[in-house]
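Notes follow once the structure below has been shown.
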Amino acid sequence: SRLVEGLTKTRDNIVSGIDSVFHGFSKIDDEFYEELEEILIMGDLGVKATESILDDLREKVKANHVKEPAECKQLLIDSIKQQMQVGETAYRFEEETSVVLVIGVNGVGKTTTVGKLAGKLKEQGKKVVIAGADTFRAAAGDQLKEWADRSGVDMIGGTEGADPGSVVYDATAAAKARNADVLLVDTAGRLHNKKNLMNELGKINKILEKEYPQAYRETLVVLDATTGQNALVQAKEFSDVAKISGIVLTKMDGTAKGGIAVAIQAELGVPVKYIGVGETIDDLQKFDPDEFVNALFD
Ligand code: GDP
């Protein structure tokens, strides 16, 4: 599958190391666990998730009276799967009138994600309106318009430097007039100026509450998996300024750092809802933790 293909580098990075531990050790001792810990941390799973996975593994090893390192592999897979169950991964915006706010810094694949998501929702027969509220970057609007045209969905944009709030206001009017199912809002994410960002998101939220109160609200943060630990830092910073309901991890195809999905979920307690494994619409996939872990150990 595309997922298995896309995760090749991450799989090589994590699983070959794990296999060498399972085959290189003759007994399950502290050294064995330390070696596993190092591999999981090197694999970008993060300290928090790694500790919790290994605590769980230790319990499973005890409970199952396992003596051979090789027999631990399935238990470890189960522990990682368990670790990846955070909260309820609902896609309510596919079910009811919704606003999906998309945030993320430049270059992470935010515009592409909004475009892909619009195309997917349209394929499901939904009426979609895009608000191009990232008026900070001139090219963002043009790029988004291309995606919108390709998918045949409406886009409300603004000129460079236009007030994002007024773009969102116009977009809510368009969404209401067209009886839209989903209003997708692309925002500018300038993390280096947290106060501005907070003000801007606050303004957008206020307009949405006032003009579009009936809509279910989803806030997705887009992160670039290839940046590894930096994506985790961004995730934390965004969660300081916004109530995030889901994570989109892009560029999982080009990276050995896919383990970051585990770390980000553990740190934020928010589920990864989509991963990007390429540049086409079909490459934005709903994230299924079990499928992800199975693909890793395939
Ligand atoms: P933005 O600045 O955050 O809006 O980023 P863009 O949407 O412009 O994306 C930046 C680049 O990343 C573009 O060349 C996209 O085609 C590429 N991109 C986005 N998502 C993915 C993905 O999942 N995989 C790969 N390989 N490339 C991606």
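Details
- The C-alpha atoms of the chain define a longest principal axis, and helix 8-24 lies at about 20 degrees to it.
- Here the Karplus curve 6.51 cos²θ - 1.76 cosθ + 1.60, taken at θ = phi - 60°, turns the phi angles of segment 157-164 into couplings of x, x, 6, 4, x, 5, 5, x Hz, with x standing for Gly and Pro.
- With semi-axes defined as the square roots of five times the eigenvalues of the C-alpha gyration tensor, the equivalent ellipsoid of the chain measures 40, 18, 16 Å, largest first.
- Both numbers refer to the Cα atoms of segment 157-207; Rg and Dmax are 11.9, 37 Å.
- Residue-count net charge about residue 30 - beta-carbon cut-off 12 Å; Lys, Arg +1, Asp, Glu -1: -3
- The aspartates and glutamates whose alpha-carbon is closer than 20 Å to the alpha-carbon of residue 195, local same-chain residues fewer than 8 away aside, are 134, 163, 186, 237, 240.
- Inter-centroid distance (Cα atoms) of segment 168-247 relative to segment 42-102, Å: 27 Å
- Checking the Cα-Cα distances for 62/257; 126/176; 27/62 against a 20 Å cut-off, the pairs over it are 62/257.
- Burial order of peptide ranges 170-176, 204-210, 249-255 (average beta-carbon count within 10 Å, highest first): 249-255, 170-176, 204-210
- Annotation: amide H-H contacts under 5 Å for residue 184 (H modelled 1.01 Å from N, sequence separation of 5 or more, or interchain): 100, 129, 130, 131.
- Given charges at beta-carbon only (K, R positive; D, E negative), |dipole| of segment 55-184 in Debye: 240 debye
- In degrees, nearest ten, helix 138-151 long axis to first principal axis of the chain (Cα): 90 degrees
- Shape analysis of segment 1-91 yields a ratio of the Cα radius of gyration to the Kirkwood radius, Rg/Rh, of 0.99.
- Helix 110-123 and the longest principal axis of the Cα set of the chain meet at an angle near 80°.
- Geometric descriptor of segment 73-167, per residue, is 146 Å³ (volume of the convex hull of the Cα atoms).
Since every read-out is calculated from the coordinates, none of them should be taken as a lab result. Keep in mind the model is a prediction, meaning the values are calculated, not measured. No Cβ is skipped: glycine too gets one built from the backbone with ideal geometry, and neighbour counts run over all protein chains shown.
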